[in-house]
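The values are calculated or read from the model by the stated rules, or taken from the named source; none is laboratory data. Just so it is clear, the model here is predicted, and its values are computed rather than measured. Positions of Cβ are generated from backbone atoms using ideal geometry, with glycine treated the same way; all protein chains shown enter the neighbour counts. These accessible areas exclude ligands, DNA and RNA; they are computed on the full protein's heavy atoms, side chains included. Shrake-Rupley method; radii C 1.70, N 1.55, O 1.52, S 1.80 Å.
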Amino acid sequence: MRTFPVCGCSRHCLLLLALLVGSAMSFAPTFGGQKQNSASIQRRSEALRDVTRQQKKSTKLGMVDNLDLSLIDVQDMTVSRVAFWLCLVAAAGTAQLGRSAIPVTWDKFQAVQALAGQGSPKGGVDLELPYPEPVYEADVVEILANIENMTIPAIVQDYPIPNQLEGYLRYESLVLANPDSHPMAVRAVFDSLALGINKNQVAPRVAIQRLESYKEDLSKLKFELTKGRTIGVTALMILLALIGAADYFSLYHLFHAYFPLWPGVETFPASLLDVGKLLSLGDYYMNDVPDMPVDPSVYPV
């Protein structure tokens with residue numbers, strides 16, 4: 001075989017080729033590392049997206065990270081959200097008007113209690129009326145005589161009270177018309193004319209009719225007073241029951257609608273007295289209603 005001598009230039013070319021191949025081989029692990037790093041970054045990105053989706057779900061539902069959502073009655077939760085707002089409107093709106101009667105009644109009670117010890121009763125027969133001190137027949141007869149001499153329309157006209165209904169007899173007017181009479185007896189006479197326990201004014205027609213009946217039989221005063229007290233107390237009890245019911249159902253549906261997994265739901269309303277459960281209430285808040293689970297037996301896949 002014939003051989004050809006390798007020139008210096010060829011040797012240099014071969015050396016350069018060997019250096020290029022070696023360099024290429026030395027870069028091969030680096031290319032593989034970049035592929036591995038890219039795959040690792042992709043896996044981390046997918047994991048981060050899963051965590052973000054889970055966080056968004058938790059934020060949408062509320063503080064439910066460690067709670068079992070399968071325990072939720074989704075239908076009850078949905079209905080309770082509607083019922084809560086209806087009850088809240090009733091409790092804060094219509095019932096609020098009824099709440100204003102409570103302080104008025106309390107102020108009236110305190111005012112009657114404050115009359116005890118004022119004035120000098122004439123004594124005589126005790127009418128046995130439900131007041132802090134005895135109301136005597138002689139004091140009532142004196143007041144009836146004063147009213148007869150002045151008449152109800154004259155009292156209303158001569159002793160006007162700010163913001164009174166036109167023509168109506170106010171308690172304050174009757175007091176001014178009887179300055180020397182026993183204060184507790186004046187209160188008793190007026191209360192027998194009004195129907196209720198916190199009334200402070202009465203229609204003149206009703207007042208005149210009842211005062212005429214007292215002239216014939218003074219015992220009717222006690223009857224009318226007892227009737228008015230009974231109706232007034234009954235109305236107050238019904239009012240308090242309605243207000244209490246509105247407040248109860250507002251809280252009941254609030255917990256079922258937004259805190260369905262709160263342990264205090266099962267023991268409500270006794271749970272309102274449990275400070276520990278109340279402090280943990282925020283951990284069970286759910287902003288949105290979760291998806292209703294599907295029963296495979298009803299909708300087979």
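Remarks
- The residues on offer are ILE243, ILE238, and the sole one that is open to solvent by less than 40 Å² (accessible area, probe 1.4 Å), within 29 Å of THR105 (Cα to Cα) and out of contact with any strand residue (DSSP E or B) (no Cβ under 8 Å at 6 or more places or on another chain) is ILE243.
- Residue list for the stretch 200-233, filter: open to solvent by 30 Å² or more (accessible area, probe 1.4 Å), hydrophobic (A, V, I, L, M, F, W, C) and outside any loop (DSSP other than H, G, I, E, B): VAL206, ILE208, PHE223, ILE231, VAL233
- Filter result for the condition that a residue is basic (Lys, Arg) and over 36 Å from the mean Cα position of the chain (by Cα), over LYS277, LYS220, LYS227, LYS199: LYS220
- Considering each residue of the stretch 226-246 in turn, at least one proves to be modelled with pLDDT under 95, under 27 Å from VAL125 (Cβ atoms) and among the aliphatic types (A, V, I, L, M).
- Residue in the stretch 246-257 that is in a helix (DSSP H, G or I), open to solvent by 60 Å² or more (accessible area, probe 1.4 Å) and hydroxyl-bearing (Ser, Thr, Tyr) present: yes
- Residue match in the stretch 94-105 (condition: touching a Phe, Trp or Tyr at 6+ places or on another chain (Cβ under 9 Å), open to solvent by 30 Å² or more (accessible area, probe 1.4 Å) and in a loop (DSSP other than H, G, I, E, B)): no
- Tabulated pairs, the stretch 123-141, first over 21 Å from ARG229 (Cα atoms), second aromatic (Phe, Trp, Tyr) and crowded, with 18+ Cβ neighbours inside 10 Å, C-beta under 7 angstrom, 6+ apart or interchain: GLY123/TYR136; GLY124/TYR136; VAL125/TYR136
- Restricting the stretch 106-136 to residues that are among the acidic types (Asp, Glu) and not in a helix (DSSP H, G or I) leaves a set whose member that is surrounded by the fewest Cβ atoms within 10 Å (Cβ to Cβ) is GLU128.
- Considering the stretch 137-159, the residues that are more than 13 Å from MET184 (Cα to Cα) and in contact with a Pro (Cβ under 7 Å, 6 or more places away or on another chain) include one that is surrounded by the fewest Cβ atoms within 10 Å (Cβ to Cβ), namely PRO153.
- Filter result (over 26 Å from LEU236 (Cβ atoms) and among the basic types (Lys, Arg)) within the stretch 108-126: LYS122
- Residue in the stretch 51-65 that is open to solvent by less than 100 Å² (accessible area, probe 1.4 Å) and at pLDDT 90 or above present: no
- Pairs where the first residue, in the stretch 181-207, is within 14 Å of LEU129 (Cα to Cα) and the second is in a loop (DSSP other than H, G, I, E, B) and among the acidic types (Asp, Glu), C-beta under 8 Å, 6+ apart: MET184/GLU133
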